[in-house]
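Engineer: Got a structure for you, questions after.
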Amino acid sequence: MVRRGRAAATMVAVAALGLLGAPAVRAQDDAVGLPVGTAAPAAAVQDLDGRAVDLAQVVGHKPVLLEFWATWCPICQALMPRIEAAHEKYGNTVDFVEVAVAVNETAASVRRHLASHPYPFRFLFDANGAAVRAYQAPTTSYVVVVNAQGRVVYTGTGSEQDIDAALGHATGR
């Protein structure tokens, strides 16, 4: 009975993260996560060394791309080249922040992954799920673009997101 309960809980968590039959792309039109125009919420996360970081300190200065990410997420891996290309183009004008979710993940596992797969972005760890809840993240590969005024201008999921267009909108390019 306990095993069935754990298995059911695991399936609920997987379904909640959108890993079962999720469409390849969802955009704001599908009402994914926070509505466009919403003020980016505060959320307590950590850096990979366990120091507290408030996402409210990250937004409101210049545009920010937040991706809710996991080392084990194949969609995140498929999306990463688009984010890297966007970083090449917008890295001087946009902050890129990867928020590692705590589902089957630890800060140590993220650090190990980054040792062999270095990326030029800031990585934070959502140990208690505060950012997932605050940003209404429906799945990993969930991207939120926040403009310099701290307002959500794009949300989406999947490996085929047009990150360049989302950031072009946020930066006025």
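Engineer: All but one of (1) closer than 18 Å to residue 137 by Cβ; (2) touching a strand residue (DSSP E or B) at 6+ places or on another chain (Cβ under 6 Å) hold for residue 87, so report the exception by its number.
Structural biologist: Checking residue 87 against (1) closer than 18 Å to residue 137 by Cβ; (2) touching a strand residue (DSSP E or B) at 6+ places or on another chain (Cβ under 6 Å), the one that fails is (1).
Engineer: Shifting gears a bit: How many residues does region 96-134 hold that are closer than 16 Å to residue 41 by Cα and more than 13 Å from the chain's Cα centre (by Cα)?
Structural biologist: Matching residues across region 96-134 total 1.
Engineer: Taking residue 105 and the conditions (1) open to solvent by less than 30 Å² (accessible area, probe 1.4 Å); (2) in a helix (DSSP H, G or I); (3) more than 25 Å from residue 35 (Cβ to Cβ), which numbered condition does it fall short on, given that it satisfies the others?
Structural biologist: (2)
Engineer: Please enumerate the residues belonging to region 68-97 that are touching a Ser or Thr at 6+ places or on another chain (Cβ under 7 Å) and either on the phi > 0 side of the Ramachandran plot or in contact (Cβ under 8 Å) with a residue 60 or more places away in the chain (or both).
Structural biologist: Start the filter on region 68-97 by keeping residues that are touching a Ser or Thr at 6+ places or on another chain (Cβ under 7 Å), which leaves 68-71, 73, 75-76, 78-79, 90, 93-94.
Listed by number, the residues that qualify are 68, 69, 70, 73, 75, 76, 78, 79, 90, 93, 94.
Engineer: Which residues, taken from region 123-151, are part of a strand (DSSP E or B) and either among the acidic types (Asp, Glu) or open to solvent by 30 Å² or more (accessible area, probe 1.4 Å) (or both)? Show your work before the answer.
Structural biologist: Kept after step one, since they are part of a strand (DSSP E or B), are these residues of region 123-151: 123-126, 142-146, 151.
Listed by number, the residues that qualify are 126, 151.
Engineer: If you don't mind, there's one more thing I want to ask. Just checking, which of 63, 120 is of a type outside the set (A, V, I, L, M, F, W, C) and surrounded by fewer than 16 Cβ atoms within 10 Å (Cβ to Cβ)?
Structural biologist: Numbers: 63 fails: surrounded by fewer than 16 Cβ atoms within 10 Å (Cβ to Cβ).
120 is the lone residue from the list that is of a type outside the set (A, V, I, L, M, F, W, C) and surrounded by fewer than 16 Cβ atoms within 10 Å (Cβ to Cβ).
The values are calculated or read from the model by the stated rules, or taken from the named source; none is laboratory data. None of the values given here were measured: they were computed from a predicted structure. So basically every Cβ, Gly included, is an ideal-geometry build from the backbone, and we count neighbours across all protein chains shown. Accessible surface is based on the protein model in full, side chains and every heavy atom, while ligands, DNA and RNA are left aside. Shrake-Rupley method; radii C 1.70, N 1.55, O 1.52, S 1.80 Å.
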